[in-house]
Amino acid sequence: MYLSAGAKLVTGTEVILMDCIAENLSPDATLAAAREFKPDIVLAIMAIEYFDNDVAFLKHLKMELPMALVGCFGHLPGNYQRETLEATGADFILAGEPDHSFRSLLENQATATTPGVGDAEGHAEAERTASRLAGVAGLAYFDKSGAFVPAEFQRMESLDSLPYADQSSIDHSRYGEPFFGHPYTTFLTSRGCPFSCNYCVRTFGRKYVPATAAHVVGEVTAAVNNHGIKYFRFMDDTFTASKQRVLEICAGLEKLEGITWSCLARPNTIDGEIADALNRAGCSRVYMGIESGSQKVLDYLKRGYKLENVIENIRAVKRSGLELIGWFIVGSPAEEREDFEKSIRLARELRLEYIAVSTLVPYPNTELYELEKDEIEFNLLPYKCEFKQQATTEREAEFYRRYYLTPSFIAGKFGHLARHPVETMKASAEFLRYAVASKRDPNRRDLL
């Protein structure tokens, strides 16, 4: 939505945003819609776990739209630029933050020269494509001679320089989260993560670049007033990374009536003062990366804090009345059975509303990957990235079963069932589907 907003600032540009998952479009329906629109440029974000699917689709898309410039961005394309171009047949890759590069590419189309007919049609087309891409920072591509031109990683210096996300580009009824209403949307108010976790995919790098509180409040206010938004989530890796900024944002959001929202936090970046401010400003839910109840595992993951020093912060969130969802990671090389039991015990002691558990994945271009690369099976295509000897692949499902299928948890959710019967039944059915399937097939990677 931010890219759509930036593109619309380029004179003469018409833009459509296709979220094929949210719109439940099949590959064939997506290709048909693309052909009907007849785009000059197509830009797609590529996932990690579904990289194979995205590569195959992008290759098909380029074949269907041979005269369009087709490009992509994401963690794997940015780090494997040449390989991704060769596998997809795409024309370019945006490395790092795509905002300025994409807008420059659009502006470049007005000045790019189209070569005359060469000795061979393929050579002329290569020259035409190269002329449209040349001189744009942050683009990886093959030049007219076929030589690979790598892209340098792009970073933003100020998010305030970006237009507000293009809320008109989506159908807000297609998005949401459990027990929230509609219309619903998301905001991204900072980029980059300054913390030291060794397993994290830092799509935007380590440098933390936040939008000012005034800009954030302005964007949310515009979405509320112009699009009737009442429910939303801040998608920042750590919305609470700067205490002063989050307090200023909350002070501004207090003036908006009837909003309900959620955000992401770390245990060492939140306290009672912040929790109370979030609550007053309409926040109802905090997603917190607790990750483990074992200090040994936290140290291995380089979380950067002592568990004993953050337990009170977590409890302060609970006391404030905010709903707390805890994220946990299992299956790290440092985790033994005793450490796993400590995580389950901590989750129960904290009486978290919900938990989300995932098995540690050593993604490429992370510190963890470099640390354990001799013990990792990695292949870009077909995509595979996992430890050769994972501690266990069944702990994810076991954690869910032992936390949720207890009398105390079930009894505590009777109130939720009365207030949100449909949502509660859907969530329960999804959990049971996951738990049963995971027990049969421990290689499942579904998340609640």
Would you mind giving the three semi-axes, in whole Å and largest first, of the ellipsoid equivalent to segment 220-262 according to its Cα gyration tensor? 19, 12, 8
How big, on average over all directions, is the shadow cast by the Cα convex hull of the chain, in nm²? 22.4
Sticking with the crude label model, points 7 Å out along Cα→Cβ, report the distance from Q389 to K318 in nm, one decimal please. 3.7
Would you mind getting me the FRET efficiency between E49 and K255? Use the beta-carbon distance for r and R0 = 45 Å, nearest 0.05. 0.65
Given all pairs of distinct Cα atoms, segment 128-244 yields a Kirkwood Rh in Å of 17.1
Please find the FRET efficiency linking F153 to A411, where r is the Cβ-Cβ separation and R0 is fixed at 41 Å, and quote it to the nearest 0.05. 0.20
Starting from the amide H of T186, placed 1.01 Å from N in the peptide plane, find each other amide H under 5 Å away whose residue is 5 or more places distant or on another chain. R233
Taking only C-alpha positions in segment 299-371, Rg and Dmax in angstrom work out to 13.8, 41
Stokes-Einstein translational diffusion, segment 2-149 - Kirkwood Rh over all Cα pairs, 1.002 mPa s, 20 °C, in µm²/s: 136
For the chain, what is the percent of antiparallel DSSP beta bridges, rounded to the nearest 5? 25
Can you return the lysines within cross-link range of K306? Criterion is Cα-Cα under 17 Å, with same-chain partners fewer than 8 residues away left out. K296, K342
Global size of segment 34-93 as Cα Rg and Dmax, reported in angstrom: 10.7, 33
Just grab the label-to-label distance for S284 and E83, each label 7 Å out from Cα along the Cβ direction, in nm (one decimal). 4.4
Give the separation of the Cα centroids, segment 191-260 to segment 64-102, in Å. 28
Between the modelled labels at I16 and Q295 (7 Å from Cα along Cα→Cβ) the distance in nm is 5.8
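Read the figures in this text as sums done on the coordinates, not as results from a lab. Quantities reported herein were computed from a predicted structural model and do not represent experimental measurements. All Cβ positions, glycine included, derive from the backbone under ideal geometry; neighbour counts span all protein chains shown.
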